[in-house]
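Some notes on the structure that comes next.
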Amino acid sequence: MGTHKRFRFFPVIIICLAFVLLSVALIGQQFYGRYAQEEPLVSLLPGETFSEIQKETDGRAECLVLCNSAEPESVLAEEDVRSLFGQLHVTADFVDLSKQAMPSPGRYEKVVAAIKEYDILGDQAFALMDWVADGGGLMIYIPPQGDNFFRSLGVQMGIQESGWEMYELPGFRCSSDLLLGGQGKDFLIEEPFESALTLSLSGDCTVHLVSSDERELPILWEREHGDGRVVFMNFGITGKAYRGLYAAAYSLLSDAFSWPVINASAFYLDDFPSPVPSGTSTYIERDYGLSVSDFYTNIWWPDLQELAQEYGIRYSGMVIEDYSDNLEGPFSSNMNTQRFQYFGSSLLRLGGEIGLHGYNHIPLCREGFDAGFGEDYVPGTYERLFDYDYWESREDMRASIEELISFTEDLYPGVTPQVYVPPSNILSEEGRQILSEDFPQIRAIASIYFEGDVEYTQEFEVAQDGIVETPRVISGLIIDPFMEISALSELNLHYVNSHFQHPDDVLDVDRGAEAGWEAMRGRLEEYLDWLYTAAPEIRNLTASEMAGAVQRYYYLDVDQMVTQEEIILDLDNFQDEAFLFLRINGRLPEDPETCISGGTLQDMGGGLYLVSAASSHVVIRRGTPETETDNTNH
């Protein structure tokens, strides 16, 4: 009887065991996740795919740039123009008026005046304005000296009155829809100085930017002068963070102007996955009563996943294997991989990507690499700016990267890391050479856009060794005024967003930890709302996809022809796709969906269009005279 009863419950036991096993499997599926390596949205192409760039096919430059090496402001402006034109792919002749006479502007479509004192031009200044009246485009790149000579010219540029003193700009405000993401928001300047000319304008000027105070001093305007146009930048602050403003100003000079863009939004998570700090944090303990480890698992990462799903973000996590100070090979593998598997697998399931940060968090630098970075450098001596220990040998640096790659590929089968982010954004020339020569799978380096003390600073470009340079522009969770301007600028220059953060941002007072995670997340959400409202269809890419997009942008060259009826774009080095910004200041297309052949056209507002090229020959049919741009609604 007892045996019969035992067998009687046997099916129930089997069902329960099956249920337990299924539950364990489901928990494992949720914890570690399963992912399949998907085809990238934008692939990295072999370097030999692209031909040598030929920017000047007929030896004729598009623009004449007037400079004066005797003026410090003009020297800085010339550097700025050269950098900007390199990004816009504009050909130009630069003339130093302190050493050369101004050539006839008749050979050029546009002239950029990057000088302070216009009396150096003499009578040629009036000849220049006559050239504008005949159909030329003149851009005043920096505010001139408000002297009597310039005042006689200023009337033709729309200046009714001008003062003798310069004005300190607290920031700027968009008074038109010229800039993507600009309307309805003030952009503050963190370290303002007296940079703008005090003035008032005539009523026939179209003002695009004004100061962000009650005065609303005109900063950027355009004015028709005869058959030509003057664009005046009364800003006086130059540098990488403002290039997008100057690009927008330059794009106003002619009936139509196009330039290649990247069309990419990327978010990097440095030190992720990585060993999780043990213990507690003052602010996490205060707000959540959790350990750092539990906070990352239960609060921080779920919140970032939620933001990814809401905005379509595809994070790129940059692995740190160990936080040890070991600088001598051979390097042992980190055996505590459970959290690496959990965080990395869930990131990959989100459509993200795993990249390389370091075996440990010590930059690939040997002693002496930072010599000369200090302002008071004396040959043979230097003040140390490097806050890490140095690697002893090239072999040890190489061995650390070999271990990191092996560790990462063992953890995430089928994943081949292609992007390297330098620890603390520091990378020596020797360390970079190791990456290029010994690790061909590393196709891109993502460091930073703006110069620091010893950081590895980049442009969006492809280096001579074929590595793609993909700088990160902004960082952290507290987006300060400088980063807001930088983000606005890059959206309007390269059509790009590139942001990075660290898990331990929430532990660092200097990065906003005292405000608490809720405030930090809220500030990031404000930025995301701004970004995806301004550019709702920008492509969300991973780190290697960003590199593929930069390849296509960097090598693309545009030959543009504009008539009353058509805008014709012929693209050199076109591969499978290309993106361009096109500013149209004359007749606008009547229907962006049907007016284009060889691609698609998206109206971005303010006369700006995004061209998505599907072939190397793109034609945009313009509208009738009734579609002429109304400058009052720019």
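The values are calculated or read from the model by the stated rules, or taken from the named source; none is laboratory data. From a predicted model like this one, the values you see are computed outputs, not experimental measurements. When we count neighbours, we look across all protein chains shown, and the Cβ atoms used for this are built from the backbone with ideal geometry, even at glycine. Heads up: the accessible areas ignore ligands, DNA and RNA and are worked out on the full protein's heavy atoms, side chains in. Shrake-Rupley method; radii C 1.70, N 1.55, O 1.52, S 1.80 Å.
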*Just checking, how many residues over the range 548-591 are among the small types (Gly, Ala, Ser), within 19 Å of Ile262 (Cβ to Cβ) and touching a strand residue (DSSP E or B) at 6+ places or on another chain (Cβ under 7 Å)?*
2
*Where a residue in the range 473-496 is assigned to a helix (DSSP H, G or I) and its partner, wherever it lies, is of a type in the set (Val, Ile, Thr), with Cβ under 6 Å and at least six apart*: Met483/Ile474; Ser486/Val473; Ser486/Ile474; Ala487/Ile474; Glu490/Val473; Glu490/Val496
_Take the conditions under 14 Å from Glu321 (Cβ atoms) and in contact (Cβ under 8 Å) with a residue 40 or more places away in the chain and apply them to Ile405. Does it pass?_
yes
*Can you find a residue in the range 199-215 that is among the charged types (D, E, K, R) and in a strand (DSSP E or B)?*
no
_In the range 158-191, residue surrounded by the most Cβ atoms within 10 Å (Cβ to Cβ) [restricted to those that are at pLDDT below 95 and in contact with an Asp or Glu (Cβ under 6 Å, 6 or more places away or on another chain)]_ = Met166
*Of all residues in the range 518-556 being surrounded by fewer than 18 Cβ atoms within 10 Å (Cβ to Cβ) and among the acidic types (Asp, Glu), the one that is farthest from Leu41 (Cα to Cα)*: Glu518
*Conditions (1) of a type outside the set (S, T, N, Q); (2) touching a residue at least 12 places away in the same chain (Cβ under 8 Å); (3) more than 20 Å from Ala249 (Cβ to Cβ); (4) not in a strand (DSSP E or B): number failed by Glu161*: (4)
*With respect to Ile362, is the statement that it is β-branched (Val, Ile, Thr), open to solvent by less than 30 Å² (accessible area, probe 1.4 Å) and farther than 16 Å from Gln501 by Cβ true?*
yes
